[in-house]
Structure formats: C-alpha cells, structure tokens
Amino acid sequence: MKKSLLILLGMLSCTGAQAATVPSRYLEDNITRNYYMDELEHCPGLLEMRPGDLWTITFPETIRDSFITREGVIDRQVVDNRLVMAAVGNTGSTPVLVMTTDSKAPRFRVDIKSGEGGRNKNVMVLPGLPPGGTQCPGAQISAVSRPGGPLTDAGMTASLPGAVFPKAEGRVRAAAPSYLQADLKRTGMDLQITLNNTLESDLALDGKDLRIGGMPTALDRFYLIPASSSLNITVPTAAYGEFQWPGVIIGSAEPFTITATLP
C-alpha cells in the first residue's frame, strides 16, 4: 500500500511539472481595452490591427448603424450593441463612425499594420467620461460652435423657421437651420434632395424618419453628412405636400428638422 502511494505521488509530481510548461489557454494576458463614449465623440480611438485580426467593440447602447470611408480594409457586422470587425487588408486605414440608438456617435480610426495577426481583441466602450477626467479637447462641451454666433433657444427647437419658396427649374428651397442648405427638385417620379452641411460637425438623418404628405418613403438607411460637405439623395416617390425630415447633430445630439412644401 505504501509503495503504491509513493508511485502515485511520483506520477502527480511529474504531471505538475508538465503542467507548468503548458502555455496559457488565453491568447494574451490582457485582450481588453476600455474607451469612454463622451471622449470618442470628440477624439477618435486608435485601433491598430494586424491582418487576420478579429476585434469586438461593445457599446453601452444598441448600435443603429456604422460607417467607413474605405472598403477593403476591414469587414464589419453589427450585432445588437457589438461591432465585430475583421482586418481583411494587409495595410491601410479607415475612419469608423458608429451611430447608437441614443444618438451618440463614437469614432475610431483603424490602422492595419503588417505583422503576425490572427488575434482576438475586445474593446469596451463605457458611458460618460473617465473617472479621473479627460484630456480630450471638447469632450466636456455639450454644444457645438456654429457660424453666426452662440446657440440660441430657437436653435434648440426640433423645427426651425425659414422661408419656403420655389426656385427655377422646379426646385424648392427647404426650411432648415442656417448651417444646412437643403434643395428639393422633381425629376420624373423621383425627388432629388441636395444637402449642404456648413457646420464643423457631422449630421445624421434616418431615412425611416422622412415623411412626405404625412407618409413614410421607401428610404430605409442612415445618411451621414460629414462636416463641410454635400450629399445628394434620390427618393423614388410621387408624393406631394408637407416634407419633414428630422435629423441630429453628431457630437451634441442636438435635433433639427428639414421642412418644405412640395407643390
């Protein structure tokens, strides 16, 4: 009996020695990185990926949509409050913007670097600002600056006043905030919408929110109008009457509405 016990102890000691040389079952000691939502709206987070990496970004709110400007750098998919990104290019970079259900717009910049890839990474986006404060300029400013003076009560309302008048060639100038020029024009059975954003912040519009004559249209996607840029949208509709399209300023979550009357 004593001999058998000694043999068993010897086997256990050998097993322990072997276990000590077995590498950790985890890919890295720390695969999670934290960011804060109110910082990311003003200072984009930098994500340095390697070819073949798979990163998961988890947000405190459900994601409505995501945007990139360069294809062939990453593949991405939205699953509830997670953005899953796979690095598919060998090199390259692209900005990434995410729209959440509470109108937050965190930003990232993805840089694909050469090197050994195939890693899994988790990125956690926490609400608010870091407990110790932030060094991101503008992260604590709730309102954006705009041309024409300080923010007024009229600028905070969901529907802003403005003249509605027909232009040449069947165009209609829509009423909108001073920083957004909106022109509408009929072309056959389509409605051509031209939007010019002069603000130093991006604007976002949800196609599902557009109403013409009180009825929704066939638009079923988000539209991002970057700062100091224009966007042309074609709406296949024969509807007339009141045109109303609410949107939001990214960064401040300040609402606005484009209104017009289509004769």
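The values are calculated or read from the model by the stated rules, or taken from the named source; none is laboratory data. The structure displayed is predicted, hence computed values, not measured ones. All Cβ positions, glycine included, derive from the backbone under ideal geometry; neighbour counts span all protein chains shown. Calculation scope for accessible area: heavy atoms of the full protein, side chains included, ligands and nucleic acids excluded. Shrake-Rupley method; radii C 1.70, N 1.55, O 1.52, S 1.80 Å.
Right, GLU200: within 24 Å of the chain's Cα centre (by Cα), open to solvent by 50 Å² or more (accessible area, probe 1.4 Å) and not basic (Lys, Arg) or not?
For GLU200, the condition - within 24 Å of the chain's Cα centre (by Cα), open to solvent by 50 Å² or more (accessible area, probe 1.4 Å) and not basic (Lys, Arg) - is met.
Is it true that some residue in region 236-249 is within 27 Å of ILE68 (Cα to Cα), of a type in the set (Ser, Thr, Tyr), at pLDDT 85 or above and open to solvent by 20 Å² or more (accessible area, probe 1.4 Å)?
No; the residues of region 236-249 include none that is within 27 Å of ILE68 (Cα to Cα), of a type in the set (Ser, Thr, Tyr), at pLDDT 85 or above and open to solvent by 20 Å² or more (accessible area, probe 1.4 Å).
State all residues of region 93-123 that are surrounded by 12 or more Cβ atoms within 10 Å (Cβ to Cβ) and either within 13 Å of GLU61 (Cβ to Cβ) or in contact with a Gly (Cβ under 7 Å, 6 or more places away or on another chain) (or both); if no residue qualifies, say none.
Of everything in region 93-123, those that are surrounded by 12 or more Cβ atoms within 10 Å (Cβ to Cβ) and either within 13 Å of GLU61 (Cβ to Cβ) or in contact with a Gly (Cβ under 7 Å, 6 or more places away or on another chain) (or both) turn out to be VAL98, MET99, THR100, ASP102, SER103, LYS104, ALA105, PRO106, PHE108, ILE112, GLY117.
Go through region 53-71 and give me each residue that's open to solvent by less than 50 Å² (accessible area, probe 1.4 Å) and outside any strand (DSSP E or B).
Matches in region 53-71: ASP53, PHE59.
Which members of region 89-124 meet the condition of being of a type in the set (A, V, I, L, M) and over 24 Å from ASP38 (Cβ atoms)?
The answer is ILE112, and nothing else.
Does region 172-197 hold any residues that are over 30 Å from ARG107 (Cα atoms) and within 24 Å of the chain's Cα centre (by Cα), and which are they?
Residues satisfying the conditions do not exist here.
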